Amino acid sequence: MKEVVRTEAAPAPFQGAPYSQAIKGAGLVFVAGQVGITPDHAELAGETIQEQTEQALTNLKAILEAAGTGMDRLVKTTVFLQHFDDFSGMNEVYAKHVGDQPPARSTVEVAKLPSGALVEIEAIALA
């Protein structure tokens with residue numbers, strides 16, 4: 001059985017796209033990629049990788065909390081960067097959010113992200 005997770009504390013799917021913020025099932029929560037955009041889709045949280053990473057992780061945390069779990073239950077994340085040169089700036093902010101037992105992680109450079117974002121983070125957590 002799967003359960004759709006939805007919160008107003010994080011951005012809804014872009015332009016009504018057919019995906020959920022997260023799906024909860026089989027003891028796990030699968031969170032769709034989060035960019036550094038404010039929950040009302042008004043704008044990116046800033047122009048720097050640090051500002052956008054902070055907002056992306058704030059969005060991720062809100063979705064996890066809506067699913068009844070938290071950042072301490074993350075088991076895997078994937079980080080997509082528009083520019084791999086932003087790795088250290090992203091990593092600096094990311095480390096503050098994942099604690100002393102960070103999840104497994106992959107980080108890849110991509111050609112383009114939604115809304116001109118510099119970073120997108122998707123995650124899997126224990127429910």
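Here Ala104 passes the criteria (1) of a type in the set (Gly, Ala, Ser); (2) surrounded by 14 or more Cβ atoms within 10 Å (Cβ to Cβ); (3) touching a Lys or Arg at 6+ places or on another chain (Cβ under 7 Å) except the one numbered (2). In the set Thr77, Thr7, only one residue is open to solvent by less than 20 Å² (accessible area, probe 1.4 Å) and touching a residue at least 12 places away in the same chain (Cβ under 8 Å); that residue is Thr77.
Only strands (runs of 3 or more DSSP E) wholly contained in the stretch 63-127 count here; list those with 3 or more residues that are β-branched (Val, Ile, Thr).
On the way: elements: 74-81, 104-109, 119-126.
Here the list reads 74-81, 119-126.
Candidates in the stretch 10-45 are the residues that are of a type in the set (S, T, N, Q) and surrounded by fewer than 20 Cβ atoms within 10 Å (Cβ to Cβ); of these, the one that is modelled with the highest pLDDT is Ser20. For Ala32, the requirement of being within 16 Å of Glu65 (Cβ to Cβ) and in a strand (DSSP E or B) is met.
Residue pairs whose Cβ atoms lie under 8 Å apart, separated by 6 or more positions or on different chains, with the first residue in the stretch 95-111 and touching a residue at least 40 places away in the same chain (Cβ under 8 Å) and the second open to solvent by less than 50 Å² (accessible area, probe 1.4 Å), are His97/Leu57; His97/Met71.
Of the residues Ala117, Ala123, the single one that is in contact with a helix residue (DSSP H, G or I) (Cβ under 7 Å, 6 or more places away or on another chain), surrounded by 19 or more Cβ atoms within 10 Å (Cβ to Cβ), touching a residue at least 40 places away in the same chain (Cβ under 8 Å) and closer than 17 Å to Thr7 by Cα is Ala123.
The values are calculated or read from the model by the stated rules, or taken from the named source; none is laboratory data. Just so it is clear, the structure is predicted and the values come from calculations on it, not from any experiment. Neighbour counts are summed over all protein chains in view; Cβ atoms, including those assigned to glycine, are modelled from backbone coordinates with ideal geometry. Heads up: the accessible areas ignore ligands, DNA and RNA and are worked out on the full protein's heavy atoms, side chains in. Shrake-Rupley method; radii C 1.70, N 1.55, O 1.52, S 1.80 Å.
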